[in-house]
Ligand code: TEU
């Protein structure tokens, strides 16, 4: 086992910087805020932070519309501050992962601006997907392809040509058949690795190669692997080793695993738990499937309960039987926060004891729920706007964190702030702040902190083998070695724990007779 392969067992904390901590009082999170909260992250016990795009951006898609891949947006700070952050994080034992978005850029990116100013058929336009439209005067888009955020995937420019965007119109797709695009991104990868970045999260990694006039299929096309093999050759020249982490959304498991072959990505997000209901048989299937997918490749399994794209898990798990991170939010299915909280606590102990790495999304450790009652005018997500409001979008999981105090901004911004937080925080978050939970036995935060502490101390946790233990139909029970086991009860009645010496941690107190209540999880030391 390579001890330098830190990503194999890491707990990686996702920082949505706009909403993490605001240092300068403008209502938007920034590098100064993040730097001031590094002691919190070190105390929480995470191994790394993944920072979502911090580059100059008009924020048409929360920063996933990048105007310059080699700079920091002034609302967050400066490149010098980013370098300071990396240094300080390293000094606190925390690695730093940045987010590279290779499929598209902002329509304000210099290359796209140059393409707009240039003639149809020019080399500047060849870096993107400019095409003539259909119809007598080209008034119809080149194809009927729909964008992932809704509406046509083509937008027309002043001279009549159309350009392709798989996401919002403000996010033109690069033409990855063009060698200049490849060289540019290889150089961007070097740029950030040279600044001490420990890993790169690769946005929408499977959709770069396409031939939109020939086929609507933009996922996992021929030629995609060469791109990441080239990136891997670059990352392999760095020491200590750096991780390439793919956001590879592919339903086909074999296709997914090909990104994790020798000489390619080190690891990729496993989104299986985002779509799985709170149901033992289904979760067992997802666990077995995940481990089977990873068995033939060197990459570790990874586990994700939430991120900035999906409904927060407290809300999801509070919906009886369903846990669909995407579709169900459109139908405003009511959620029971007590039930959701209970299950989310159990789910946390479940994923943190499974083999491999875990990704935690800021606020998950506080038990925050989805903010579902944001005013329409405040919602920024293009998914909301481009669906005509049918899809509530992803703003509800991106509300600024509550740190302390009894009223907004809950310490998110300094006392002398000039602006309110960019999205309003619910008043009842007074009970969810870091300060309200810190040191309080049984709080959500202390559960995460204790789980992360044990996870670090137990050599059998993180990457490594597991075996299922005999258990009832609504129970998931597995051992990590001869002594450590997890039992998670998804049923509606209490279950006995297997013979054990010691109870290490439980998501809720055990019953007086020592049984594990429903919707609860326990870490135990076996006899
Ligand atoms: O997401 C990729 C992606 O496919 C998402 O659009 C996903 O399908 C959707 O969010 C589900 O609700 C990445 C980023 O994580 C996301 O925030 C960006 O909007 C997107 O890429 C475009 O860069």
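Read-outs throughout are calculated quantities, based only on the coordinates presented, and are distinct from any laboratory measurement. Note that the coordinates shown come from a computational prediction; the quantities given were computed from them, not determined experimentally. FYI the Cβ positions are ideal-geometry reconstructions off the backbone, even for glycines, and counts take in every protein chain you see.
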>> To make sure I understand, if each residue's beta carbon is the centre and we count other beta carbons within 10 Å, what order do 262, 450, 365 fall in, fewest to most?
In response: 262, 450, 365
> P(r) tail for the chain, what percent of Cα pairs lie past 39 Å?
Replying inline: 24
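Please give the contour-minus-distance gain from residue 284 to residue 156: 0.36 nm per residue of separation, less the Cα-Cα distance, rounded to one decimal in nm.
Here the answer is 41.3 nm.
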> Separation between the residue 404 and residue 510 pseudo-spin-labels, each 7 Å from Cα along Cα→Cβ, expressed in nm?
Replying inline: 3.7
> Quick one: which of 142-150, 480-488, 213-221, 289-297 comes out on top by average Cβ neighbours within 10 Å, and what's the full order, highest first?
Replying inline: 480-488, 142-150, 289-297, 213-221
> Gap in Å between the Cα centre of segment 26-55 and the Cα centre of segment 382-402?
Replying inline: 22
> Which residues in segment 362-406 place their backbone N less than 19 Å from a point set 7 Å from the Cα of residue 428 along the Cα-to-Cβ direction?
Replying inline: 363-375, 396-406
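Provide the gained length on full extension for the span residue 233 to residue 419, in nm with one decimal, where the gain is 0.36 nm per separating residue minus the Cα-Cα distance. Don't skip to the end; give the middle numbers.
On the way: separation 186, 0.36 × 186 = 66.96 nm, distance 4.54 nm.
62.4 nm is the gain from fully extending residue 233 to residue 419.
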> So what's the back-of-envelope 222 nm ellipticity for the chain, counting only DSSP H runs of four-plus at -39500 (n - 2.57) apiece and dividing by all residues, rounded to 500?
Replying inline: -7000 deg cm²/dmol
> If r is the Cβ-Cβ distance from residue 494 to residue 71 and R0 is 60 Å, what FRET efficiency results, to the nearest 0.05?
Replying inline: 0.60
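When the chain is fully extended, how far beyond the present Cα-Cα distance does residue 376 get from residue 333, taking 0.36 nm per residue of separation? Intermediate values should be presented prior to the final figure.
Values: separation 43, 0.36 × 43 = 15.48 nm, distance 1.84 nm.
So the chain would gain 13.6 nm between residue 376 and residue 333.
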> Roughly how tilted is helix 337-353, in degrees to the nearest 10 and between 0 and 90, from the longest Cα axis of the chain?
Replying inline: 90
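In which sequence would 311, 78, 527 go, from the one with the fewest C-beta neighbours within 10 Å to the one with the most?
Working: 311 26, 78 13, 527 10.
Listing 311, 78, 527 from fewest to most nearby Cβ atoms yields 527, 78, 311.
Relative contact order of the chain: what whole-number percent is it, with Cα pairs under 8 angstrom and at least 6 residues apart?
On the way: 1134 pairs, mean separation 73.0, N = 527.
Relative contact order, the chain: 14 percent.
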> So for 202, 86, fewest C-beta neighbours within 10 Å to most, what's the order?
Replying inline: 86, 202
> If r is the Cβ-Cβ distance from residue 146 to residue 110 and R0 is 22 Å, what FRET efficiency results, to the nearest 0.05?
Replying inline: 0.15
> What whole number of Å gives the distance from the Cα centroid of segment 190-254 to the Cα centroid of segment 91-122?
Replying inline: 15
> residue 261 to residue 501: FRET efficiency via 1/(1 + (r/R0)^6), r the Cβ-Cβ distance, R0 41 Å, to the nearest 0.05?
Replying inline: 0.45
> So what's the angle, to the nearest 10 degrees on a 0 to 90 scale, between helix 179-194 and the longest Cα principal axis of the chain?
Replying inline: 40
>> For the chain, take the longest principal axis of its alpha carbons; what is the angle in degrees between that and the long axis of helix 79-91, to the nearest 10 within 0 to 90?
In response: 20
> Name the residues of segment 275-306 whose amide N is less than 16 Å from a point 7 angstrom out from the Cα of residue 468 along the C-beta direction?
Replying inline: 279-293
